[in-house]
Amino acid sequence: MNLSQFPRTLLRKSVGICPALLLSWLCLFHASRASASENPFVGTWALTLPHGQTGWLGIESDGKHIDAQMLWVAGSVFKLDGARLDGDNLVLTRLHESKGKTGKINFTETITATRDGDSLKLVSVTPKADGHGEERSEFTGKRLSPMPPAPDLSKVKFGEAVPLFNGANLDGWRLVESGAFNGWSVRDGILRNDLNREEGKRHKNNGNLRTIAEFEDFSLHAETRVPKDGNSGIYLRGIYEVQVFDSFGKPLDSHNMGAIYSRIKPTASAEKPAGEWQTLDIIYVNRHATVALNGTKIIDNQPILGPTGGALWPEVDRPGPIYLQGDHTGIEYRNIILRPVVN
């Protein structure tokens, strides 16, 4: 039976049933339906972490259990170990493991979230690994706007092609991080990133490279040559990483070439071996992504729930640059061409 019809059906069959008992059943039914919808934390949240870094929080509930996922600055989206309501607060727990002198040490971080409309105030408390005292930090969150419907790509119009890389120099680009080592250069029409690794000398981290211009929705074509075990990424609007990685021959995974890093797994393996030129054709419209790798569609108009690790900011509705990850390994790019969506 459709549960939405339960009260009506029960009333039709309620002849002879004690009115008090019937009222009790109805109250329990409505309470169970309300419990799933009355959790005010359900949804997705843009987090501004300590030191202004980017995070994300996603909360789901079936009325009995609460599932929580989080992004903390870099790396992958991860599932939190516990989530529960405590009065007006949401209490999240995250298990940590550290190596001590006597072996592994396990300890639990507790994050308490308080809501004020579409804003969150969060307080993290973590016992110190040595058992003496605790570390405390505060940060904030804003509710993300609802996910728009998937666009009808057959009706989306794209404007004139905009070459982002001119094949001659770095005009139109700059480093994301001030003070980082700039390993980016242009040789023989190819945009290259060479790591700063001088034997015996301390090295600075290589910088990531971004367009000076910022964009809304678009299609993007890029060609890349990934070295053995190479690892880079193309960030859309500065917040969503399309993974660039030597994953040839690996099982399907949300960290493989062409994936939306840790969020959307490719539906097919279309990678070429390391050292060969590969093409990525990406469409980003209405917070949905389509990715074709080497001519094979591997992500088809899928929603991206929030930023990925390394995002420049947590907001998903603002324009942003294309940025190329350069702090992992060497990488090469060419023929980077963007076509903006036009109304």
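The values are calculated or read from the model by the stated rules, or taken from the named source; none is laboratory data. These numbers were taken from a predicted model, which means no experiment stands behind them. As a convention, Cβ positions derive from the backbone with ideal geometry for all residues, glycine included, and neighbour counts pool all protein chains shown. Ligands, DNA and RNA are excluded from the accessible area calculation, which covers all protein heavy atoms including side chains. Shrake-Rupley method; radii C 1.70, N 1.55, O 1.52, S 1.80 Å.
Give the stretch 265-277 a look and list any residue that's of a type in the set (A, V, I, L, M) and open to solvent by less than 20 Å² (accessible area, probe 1.4 Å), or say none. Talk me through it step by step, then tell me what you get.
Of the stretch 265-277, the ones of a type in the set (A, V, I, L, M) are 268, 270, 274.
Once the filter is applied, which keeps residues that are of a type in the set (A, V, I, L, M) and open to solvent by less than 20 Å² (accessible area, probe 1.4 Å), the stretch 265-277 yields only ALA270.
Of the residues making up the stretch 47-83, those that are over 16 Å from LYS121 (Cα atoms), open to solvent by 80 Å² or more (accessible area, probe 1.4 Å) and either over 14 Å from the mean Cα position of the chain (by Cα) or of a type in the set (Ser, Thr, Tyr) (or both) are GLU60, ASP62, LYS64, HIS65, ASP81. Got at least one residue in the stretch 195-204 being open to solvent by less than 50 Å² (accessible area, probe 1.4 Å), assigned to a loop (DSSP other than H, G, I, E, B) and either modelled with pLDDT of 95 or more or farther than 18 Å from GLN325 by Cα (or both)? No, that holds for no residue.
May I ask you to list the residues in the stretch 224-255 that are open to solvent by less than 10 Å² (accessible area, probe 1.4 Å) and not β-branched (Val, Ile, Thr)? Spell out how you get there, then give the answer.
Here is the first cut: in the stretch 224-255, the ones open to solvent by less than 10 Å² (accessible area, probe 1.4 Å) are 224, 226, 230, 232-236, 238-244, 247.
GLY230, SER232, GLY233, TYR235, LEU236, GLY238, TYR240, GLU241, GLN243, SER247, listed by residue number.
For ALA274, state whether it is in contact (Cβ under 8 Å) with a residue 60 or more places away in the chain, small (Gly, Ala, Ser) and either part of a strand (DSSP E or B) or farther than 21 Å from VAL73 by Cβ (or both). Here the answer is no, as ALA274 does not meet what is asked.
Checking THR140, THR108 one by one, the residue that is in a strand (DSSP E or B), more than 30 Å from ASN286 (Cβ to Cβ) and touching a strand residue (DSSP E or B) at 6+ places or on another chain (Cβ under 6 Å) is THR108 and no other. Only residues that are at positive phi and touching a residue at least 60 places away in the same chain (Cβ under 8 Å) were counted in the stretch 147-193, giving 2.
Residues are listed down the side, and each one gets a yes or a no for (1) closer than 24 Å to ALA129 by Cα; (2) of a type in the set (Lys, Arg):
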site	(1), (2)
GLN53	yes, no
SER61	no, no
ILE66	no, no
GLY75	yes, no
LYS79	yes, yes
ARG84	no, yes
ASP88	no, no
HIS96	yes, no
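Within the stretch 116-137, being open to solvent by 70 Å² or more (accessible area, probe 1.4 Å), outside any strand (DSSP E or B) and not acidic (Asp, Glu) holds for LYS128, HIS132.
Remark: pairs (first residue in the stretch 326-343, without any contact (Cβ under 8 Å) to a residue 12 or more places away in the chain and closer than 17 Å to GLY310 by Cβ; second residue of a type in the set (Asp, Glu) and surrounded by 20 or more Cβ atoms within 10 Å (Cβ to Cβ); Cβ separation under 6 Å; 6+ apart in sequence or on different chains) are absent. Summed over the stretch 164-180, residues that are of a type in the set (Val, Ile, Thr) and open to solvent by 60 Å² or more (accessible area, probe 1.4 Å) total 0.
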